[in-house]
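Peer 1: Below is the structure I would like to discuss, written out as structure tokens.
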Amino acid sequence: MRLLLPILFLLLTAPLAQAGEARQRLDAFADTVGGLAARFEQQVFDAAGELRESSRGELALTRPNRFRWEYIEPFPQLIVADGARVWIFDPDLEQVTVRRQDEEEQRSPLSVLLDLTDLDRLYEVSEQPARDGMLWLGLAPREEEPAFRGVSLGLDASGLAVMELEDLLGQRTVMRFSGWQRNPAFPSDTFAFTPPPGVDVVGDAGEIEPPVEIQPLRE
């Protein structure tokens, strides 16, 4: 589920939705954006609606196809997509998993925020009833074998506030974001990753510079 999300936001009072108003609010939020950064809180519910996991952290996105997703609590984990590879660093296990970055991350609702020209091509977009003081958009994947059933985006007066994602097993992930920064000046190493000395590196990512010893993934 964490990798679906390399896959948004907070609650404020808003008026009842009119036709197209949620889409207009999303368009305004994403207009002229080439990079985004925010804090997030994440809750995962099973198909019966029981809370199974809570976490919080920080994220960063930039064009083209780069993201940084860092879980801070309760367990640290770092996911970095550098445009060619996805690195997953688990400090507690002292292990890094690396693989080639595929189109799944590039088609995520988060990535679409940086280029809304892909939104209608990749998703069926529909206005949903206002709730929780927000306007809502529904996104249904157009592909024949999607990685998830659908996404609901909640938009408050300042922009994207909540993302609710339902996977193919009925599990629901709710993301609440705060502190959005538009087009921040990212440090040069934000979307790069070098495995720390002494950790195990597992996976397959082709040639990596500088070279690191990579063990094949166990089946």
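The values are calculated or read from the model by the stated rules, or taken from the named source; none is laboratory data. Because the structure is predicted, anything quoted here is derived from the model rather than measured. Don't worry about glycine lacking a Cβ; one is built from the backbone with ideal geometry, like all the others, and counts go over all protein chains shown.
Peer 1: Taking the stretch 41-61 on its own, how many of its residues are touching a Leu at 6+ places or on another chain (Cβ under 9 Å) and assigned to a loop (DSSP other than H, G, I, E, B)?
Peer 2: 2
Peer 1: OK, next. Go through 93, 135, 51 for me and flag whichever is among the aliphatic types (A, V, I, L, M) and buried (at least 16 other Cβ atoms within 10 Å of the Cβ).
Peer 2: Exactly one of 93, 135, 51 is among the aliphatic types (A, V, I, L, M) and buried (at least 16 other Cβ atoms within 10 Å of the Cβ), namely 135.
Peer 1: Which one of these is in contact with an Asp or Glu (Cβ under 6 Å, 6 or more places away or on another chain), more than 19 Å from residue 174 (Cβ to Cβ) and not charged (D, E, K, R): 78, 135?
Peer 2: 78
Peer 1: Among (1) of a type outside the set (Val, Ile, Thr); (2) modelled with pLDDT under 90; (3) more than 22 Å from residue 60 (Cβ to Cβ), which single condition is residue 158 missing?
Peer 2: The single condition residue 158 does not satisfy is (3).
Peer 1: Take the residues of the stretch 17-33 that are assigned to a loop (DSSP other than H, G, I, E, B) and surrounded by 13 or more Cβ atoms within 10 Å (Cβ to Cβ): which is farthest from the chain's Cα centre (by Cα)?
Peer 2: Across the stretch 17-33, the extreme among qualifying residues is 17.
Peer 1: Could you list all residues from the stretch 180-190 that are more than 17 Å from residue 33 (Cα to Cα) and under 18 Å from the mean Cα position of the chain (by Cα)?
Peer 2: 190 - this is the single residue of the stretch 180-190 that is more than 17 Å from residue 33 (Cα to Cα) and under 18 Å from the mean Cα position of the chain (by Cα).
Peer 1: Please enumerate the residues belonging to the stretch 56-81 that are touching a Lys or Arg at 6+ places or on another chain (Cβ under 9 Å) and surrounded by fewer than 17 Cβ atoms within 10 Å (Cβ to Cβ).
Peer 2: Within the stretch 56-81, 56, 58, 72, 73, 74 meet the criteria.
Peer 1: Suppose we filter the stretch 62-94 for residues that are closer than 17 Å to residue 112 by Cα and assigned to a loop (DSSP other than H, G, I, E, B); how many remain?
Peer 2: 5
Peer 1: Right, another one. Working only within the stretch 138-155, note down all residues that are basic (Lys, Arg) and either touching a Pro at 6+ places or on another chain (Cβ under 7 Å) or part of a strand (DSSP E or B) (or both).
Peer 2: Result: 149, single match.
Peer 1: Going by the structure shown, is residue 69 of a type in the set (Phe, Trp, Tyr) and farther than 18 Å from residue 175 by Cβ?
Peer 2: No: the conditions fail for residue 69.
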